[in-house]
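Let me begin by presenting the structure, written as structure tokens, before commenting on it.
The values are calculated or read from the model by the stated rules, or taken from the named source; none is laboratory data. What you are looking at is a predicted structure, and each value in this text was computed from that prediction instead of being measured. Cβ placement follows ideal geometry from the backbone for every residue including glycine, while neighbour counts extend to all protein chains displayed. Surface areas here come from the heavy atoms of the whole protein model, side chains and all, with no ligands, DNA or RNA. Shrake-Rupley method; radii C 1.70, N 1.55, O 1.52, S 1.80 Å.
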Amino acid sequence: MVNASLDASHDKAAYWRKGTIWQETVANRRRMIEEVPHVRFNISCTLSWPNAFNFLEFHKEWVEEGLINVNQVLISELHGPIYFALKNIPNWKKEKITQAFEEHIVWMKSKRATGHTINAFESAIKFMDTGDYEPEFPAKPFHRIVSRLDYLREESFFDVFPEHNDMREWMREQGYEFDNKVYPPYDITGYLG
């Protein structure tokens, strides 16, 4: 059995796990299907708010391309770092992600997903309502870490994840600006765990 730790697809996979070459990931999966079709394969995803929408697209894409069946997916909800956890985002964002998951569940049912698989996606929705770390999204550590990493890696979180520009605007309202040409001079070590 292979549980492949894949949290995102395409350019989002390369951002989330630096060094990922998406074309190679797809080619490796196709090779597995051809050479070792008897090996059980699952996508094993750690779900956070940055990858929530893309993970649904990824799941659907691989099912429709015949790289997996609808049930070959395992989900673990990310608990930390807290600024990436689904349960710590504002309620208006939770509602958008919940709607996307509910629509995806309808699609999964049309593909004859098992109750076990559907329950995993429903559990992700329920997880968002547990919010026991902060009453609101912890924008300060998110800004500190993401701004610095974007600067060091010459990337931009919000360019790679434009579906979250609403979070960028919300954080701007909280006083946090994102510019990958500069980064705040904070010690980031306390926010990495």
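The table below lists the values:
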quantity	calculated
Residue in segment 131-150 that is in a helix (DSSP H, G or I), acidic (D, E) and without any contact (Cβ under 8 Å) to a residue 24 or more places away in the chain present	no
Selection status of I97, in a helix (DSSP H, G or I) and open to solvent by 30 Å² or more (accessible area, probe 1.4 Å)	no
Among the residues listed as N42, N69, the single one being outside any helix (DSSP H, G or I), closer than 26 Å to K126 by Cα, modelled with pLDDT of 95 or more and open to solvent by 30 Å² or more (accessible area, probe 1.4 Å)	N69
Selected residue (criterion: most open to solvent (accessible area, probe 1.4 Å)) from residues of segment 2-23 that are assigned to a helix (DSSP H, G or I) and not charged (D, E, K, R)	Q23
